[in-house]
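These notes concern the structure reproduced below.
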Amino acid sequence: MTWKPDEVIIHPDASRTEIYWRRRRGLRGERSRIRKEVAPDGTTQEVWHEVFDLNGTLIHQDREQ
């Protein structure tokens with residue numbers, strides 16, 4: 001089973017950004033997402049985990065290896 005991204009942003013060079021939002025909010029209302037950067041040939045370049053507070057401010061970010 002594959003997960004479908006919640007958002008897909010296609011860039012002019014044919015690369016794309018796939019965004020997967022976590023369904024449930026955290027204890028203080030924060031939202032988290034996985035942001036995946038995909039090259040034009042379909043290979044994954046980077047994967048980031050990001051957390052946003054209630055105001056939409058980025059409060060945590062790390063690159064997953």
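The values are calculated or read from the model by the stated rules, or taken from the named source; none is laboratory data. A quick note: this is a predicted structure, and the numbers were derived from the prediction, not measured. Cβ placement follows ideal geometry from the backbone for every residue including glycine, while neighbour counts extend to all protein chains displayed.
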Problem - Residue that is farthest from the chain's Cα centre (by Cα), among those in region 1-34 that are aliphatic (A, V, I, L, M) and closer than 20 Å to D62 by Cβ - result: L27
Exercise for the section: For region 40-65, name all the residues that are more than 15 Å from the chain's Cα centre (by Cα) and either closer than 19 Å to W3 by Cβ or in a strand (DSSP E or B) (or both). Expected result: G42, T43
Handout entry: Some residue of region 24-38 being of a type outside the set (D, E) and touching a Gly at 6+ places or on another chain (Cβ under 8 Å)
Key = yes
Problem - Top-ranked residue in region 1-13 [being acidic (D, E) and not in a strand (DSSP E or B); ranked as surrounded by the fewest Cβ atoms within 10 Å (Cβ to Cβ)] - result: D13
Exercise for the section: Could you grab the pairs with beta carbons closer than 9 Å, sequence gap of 6+ or different chains, first residue in region 40-65 and at negative phi and in contact (Cβ under 8 Å) with a residue 24 or more places away in the chain, second one exposed (fewer than 10 other Cβ atoms within 10 Å of the Cβ) and of a type in the set (K, R)? Expected result: D53/R28; L54/R28
Problem - Criterion violated by K36 - all others in (1) more than 17 Å from D6 (Cα to Cα); (2) touching a Pro at 6+ places or on another chain (Cβ under 9 Å) satisfied - result: (1)
Practice task
Please indicate, with yes or no, whether at least one residue in region 51-58 is at pLDDT 95 or above and of a type in the set (V, I, T).
Solution key: no
Practice task
Show the residue pairs that are 6+ apart or on different chains and have beta-carbon atoms under 8 Å apart, the first residue being within region 16-31 and closer than 15 Å to V47 by Cα, the second being assigned to a loop (DSSP other than H, G, I, E, B).
Solution key: T17/H11; E18/P5; I19/P5; I19/D6; Y20/W3; Y20/P5; Y20/D6; W21/D6
Practice task
Could you please let me know if R33 is in a loop (DSSP other than H, G, I, E, B) and of a type outside the set (D, E)?
Solution key: no
Practice task
Run down R35, R31, R25, R16 and say which single residue is of a type in the set (D, E, K, R), farther than 25 Å from L54 by Cβ and surrounded by 11 or more Cβ atoms within 10 Å (Cβ to Cβ).
Solution key: R16
